[in-house]
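Since the structure comes first, as structure tokens, the remarks are kept for the end.
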Amino acid sequence: MKLIITGATGLVGEGVLLVCLENPAVTEVLTINRKPLARKHEKLKELIVTDFSEIEQYSERLKNYGACFFCAGASSVGENEASFTKKTYDFVVPFAKTLSGINPQLVFIYVSGNRTDSSEKGDVMWARVKGRTENALLKLPFKAVYAFRPGFMKPVKGQQNVRLIYRVFEALYPLWLSILPNWTCMMREVGLAMIHCVSRGYDKAILEVQAIKLQAKP
């Protein structure tokens with residue numbers, strides 16, 4: 001299994017990358033980032049791009065992969081709908097459209113968010129934008145498209161890009177898991193569920209926390 005991962009310098013992308021690198025089913029991982037990773041591995045390759053909308057020039061290279069895990073994303077804190085749309089929908093969808101033209105046999109997995117609004121009409125701004133992004137991606141002509149909606153994720157061992165608030169949450173993980181089981185999972189489960197969506201598929205396009213946990217199992 002040869003995979004593409006975006007956002008490997010962030011919390012989710014780094015965690016998913018580590019899970020993929022240690023998984024024997026994964027033979028190669030290509031990260032697409034704006035800056036190099038401070039990490040080396042025999043399975044790891046890097047593609048540095050300044051503009052994600054210009055990946056078409058790398059089309060021959062990108063044809064060789066079976067899946068893309070799009071883990072890059074921006075926080076909605078301090079953003080209005082127009083600016084968050086630019087950093088979310090306008091960032092993800094053009095990239096995915098170009099990639100679907102380059103490699104339509106690819107499985108595309110987008111990390112969205114817990115309580116994303118598929119109707120695009122709710123009161124929560126970020127949930128509407130994420131929902132609009134999901135809906136656009138699900139229409140693209142990939143082999144398969146999945147939207148992951150994790151909540152709080154316990155980081156995997158060895159992660160470096162973890163904010164202090166996540167370290168605090170991590171220490172209290174058993175508590176959150178008992179109180180909010182539908183909002184809490186492990187980053188390892190997210191990575192394994194992605195790998196299994198590629199290897200064995202899944203019967204629904206949107207995976208909430210419980211579905212992620214189920215799909216992560218052997």
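The values are calculated or read from the model by the stated rules, or taken from the named source; none is laboratory data. The structure displayed is predicted, hence computed values, not measured ones. For neighbour counting, all protein chains shown are included, and Cβ atoms are generated from backbone atoms with ideal geometry for every residue, glycine included. These accessible areas exclude ligands, DNA and RNA; they are computed on the full protein's heavy atoms, side chains included. Shrake-Rupley method; radii C 1.70, N 1.55, O 1.52, S 1.80 Å.
Before moving on, here are some points about what is shown:
- Overall Cα dimensions of segment 88-218 - principal axes, largest extent first, Å: 43, 38, 28
- Solvent-accessible surface ranking, highest first, for THR133, THR9 at 1.4 angstrom: THR9, THR133
- When the C-alpha to C-alpha distance is required to be over 24 Å, the pairs from LYS35/LYS217; LYS40/LYS217; LYS87/LYS121; LYS86/LYS213; LYS97/LYS204; LYS157/LYS213 that qualify are LYS35/LYS217; LYS40/LYS217; LYS86/LYS213.
- Rounded, prolate or oblate (a/c below 1.5 giving rounded, otherwise prolate when a/b exceeds b/c) for segment 32-168 by Cα gyration tensor: oblate
- Length released on extending from ALA144 to ALA74, taking residue separation times 0.36 nm less the Cα-Cα span: 22.8 nm
- A probe of 1.4 angstrom, applied to the heavy atoms of all protein chains, finds TRP176 with accessible area near 60 square angstrom.
- Remark: accessible surface ordering of GLU120, GLU14, GLU189 (largest first) is GLU120, GLU189, GLU14, probe radius 1.4 Å.
- Exposure check, 1.4 Å probe, all protein chains in place: SER119 carries approximately 60 Å² of accessible surface.
- Summed side-chain charge close to ARG128 - residues other than ARG128 whose Cβ falls under 12 Å, Lys, Arg +1, Asp, Glu -1: -1
- Accessible area per residue, Å², the chain with all protein chains present, probe 1.4 Å: 48
- Rolling a 1.4 Å probe over the protein chains gives LYS217 an accessible area of about 120 Å².
- Surface/4 estimate of mean projected area, convex hull on alpha-carbon atoms of segment 56-115, nm²: 4.8
- Pairs of alpha carbons in segment 1-43 whose separation is greater than 15 Å (percent): 32
- Convex hull volume of segment 94-157 per residue (C-alpha atoms, cubic angstrom): 99
- Put simply, the amide H of LYS154, placed in the peptide plane, has neighbours under 5 Å in CYS185, MET186, MET187, leaving out anything fewer than 5 places away on its chain.
- Sorted largest first by accessible area at a 1.4 angstrom probe radius, with every protein chain in place, the residues ILE206, ILE195 fall in the order ILE206, ILE195.
- Here the accessible area of segment 30-182 is 52 percent carbon and sulfur, with a 1.4 angstrom probe and all protein chains present.
- For segment 19-65, the Cα-based Rg and Dmax, in that order, read 11.7, 32 Å.
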